[in-house]
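Encoded as structure tokens, the structure appears first; notes follow it.
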Amino acid sequence: TYQTGLGTNILLMTVISFIVGLSISGQTFYTFILENLERFGALKAIGAKGHELVTMIVFQATFVALVGYGLGIGLCAASIALVRLRIPDYAAMI
């Protein structure tokens, strides 16, 4: 296994998966913004400043990203722990 291209293939798969996930998340967030333009306009009409709206959107994006990251790391750690119970000499470390 050390003289094969397995590591490069896994790295490539990880990078491509990250790019696909990032693009899907971006499209979903973009759709959210487009669907809520009327509400953002209403907030602007009652006196919200532009930077406050941007801060709200950036906060929401950051919150969703951190929750998703936490869930992903938690699920990964849980699956590694479960596999290590079934396969004692599993090489992954938590």
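May I ask you to compute the full-extension gain from residue 24 to residue 57, defined as 0.36 nm times their residue separation minus their alpha-carbon distance, rounded to one decimal in nm?
Values: separation 33, 0.36 × 33 = 11.88 nm, distance 1.75 nm.
Stretched fully, the residue 24-residue 57 segment lengthens by 10.1 nm.
For a quick check: sort 49, 44 by the number of other beta carbons within 10 angstrom, fewest at the front. Could you put the intermediate results ahead of the total?
Values: 49 10, 44 13.
In increasing order of surrounding Cβ atoms, one gets 49, 44.
Around the Cα centre of the chain, unit charges on the Cβ atoms of Lys, Arg, Asp and Glu (plus for the first two, minus for the last two) sum to a dipole of about 100 debye. Equivalent-ellipsoid semi-axes for the range 1-88 (Cα gyration tensor, √(5λ), whole Å, largest first): 41, 17, 9.
Every read-out reported here was derived from the displayed coordinates using simple, explicitly stated rules and does not represent laboratory data. All values derive from a computational prediction rather than experimental measurement. With ideal geometry, Cβ positions are generated from the backbone for all residues, glycine too; neighbour counts draw on all protein chains shown.
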